[in-house]
Structures are given as structure tokens and as C-alpha cells.
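Have a look at the structure below, then the notes.
The values are calculated or read from the model by the stated rules, or taken from the named source; none is laboratory data. Being a predicted model, the structure only gives us computed values, none of them experimental. Here the Cβ positions follow ideal geometry from the backbone for every residue, glycine too, while neighbour counts run over all protein chains shown.
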């Protein structure tokens, strides 16, 4: 978890922002996984969350302790705890009318997102623990997901010879992506 002591002051952050932003954005890109044409999972970690908090504090010009703590309380739950992966899922359609239609069709998709370590059963997301984002009519365009892994899955994920797949098996949206290279290595680092 991040604390107020882990954050830059507004003045410090403003001075270091170009370098920090460049590093954080590159790191975040490395942790994005496209699942089919319209869903992206943005896997969070300490750096991605710190960047979000620093940007929010800067944009809102928040410098008081209560405001800083509110941002920490809002974003800290997105940091993996060593036994899980955490992601922000975005459902993306450029046409607003199509997006509205698809959010109705994709109701419940947040509960059909999984990670699968080779030789193990898929682990389905625990979605939106902070608040419900879907209703009986439609799903939301953004969801927060947590994937709890067993010690055996963690061990096997860290074995670079076993495959990692991220997928969705919703009736109206069925896609998966094999995760490799730097992205796979970065996600495995969350499980230490």
C-alpha cells in the first residue's frame, strides 16, 4: 500500500512530472492486454496507482492531508497484494450508440473475465468490490477486477515455461489472449 510519505508533494511532482509520467505511461502500456477488439485489461501495480494518485492530486490541486488520504483510500485497493492480480477493465466502442447497445448485450461480462495459468483451472474475476457498476439492464464501461491465485498457480506462473492466458467467455463476447514477454514478466512480479 502507498502512504502519504510515498507521494511527491505537488511542487516535487510538478518538477519531476515529465520523467515520472514518461516512465509510468511506458510501464502501464506494458501491462495492458487487449482481449478481443473491444476490451482492454489494464493491470495495476504500485507504480500505476501512484501515477494515478499523483495526477489526481495535481489536477485537483489537493495538498491537504485529508484530501491526500481520500485519494490513497480510493486507489490503494487497486494494488496487488502478492496473491492476486488486479486490473481495470475498459469496454471500448468509439460509436456512442453502438457502445450503449453493446453495454446492454454485455451485461454480466465482468463476471466472465478470467486468467488461466497453464495446467490449472481458470480463475474468474471478483468484480467491483467497491461498488456495483452494473444493473439489470446494462453493464458499465469500466470495472475493477481482482484475480485470486493459489500458491501453486503463483509458482507455476513464475515458471516462464508455462503459458498465461487472459480471456472472456461471455455468451456475446468470447475472446482470449496469450500473455508473453515483458507483460507476462511484469504480471508475475506482482505475485512475490
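Quick notes on this structure:
- Among the residues of the stretch 26-35, the one identified as in contact (Cβ under 8 Å) with a residue 24 or more places away in the chain, out of contact with any helix residue (DSSP H, G or I) (no Cβ under 7 Å at 6 or more places or on another chain) and either exposed (fewer than 14 other Cβ atoms within 10 Å of the Cβ) or assigned to a helix (DSSP H, G or I) (or both) is 34.
Table: residues versus (1) within 22 Å of residue 31 (Cα to Cα); (2) in a loop (DSSP other than H, G, I, E, B); (3) in contact with a strand residue (DSSP E or B) (Cβ under 7 Å, 6 or more places away or on another chain).
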site	(1), (2), (3)
72	yes, no, no
76	yes, no, no
81	yes, yes, no
90	yes, no, yes
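- Some residue of the stretch 99-109 being at pLDDT 95 or above, touching a strand residue (DSSP E or B) at 6+ places or on another chain (Cβ under 7 Å) and closer than 30 Å to residue 158 by Cβ: yes
- Residue 88 closer than 30 Å to residue 9 by Cβ, within 19 Å of the chain's Cα centre (by Cα) and free of Cβ contacts under 8 Å to residues at least 40 places away in the same chain: no
- Test: residue in the stretch 169-192 that is surrounded by fewer than 17 Cβ atoms within 10 Å (Cβ to Cβ), modelled with pLDDT under 95 and at positive phi: yes
- Among the residues of the stretch 94-102, at least one is over 19 Å from residue 79 (Cα atoms), touching a residue at least 60 places away in the same chain (Cβ under 8 Å) and surrounded by 12 or more Cβ atoms within 10 Å (Cβ to Cβ).
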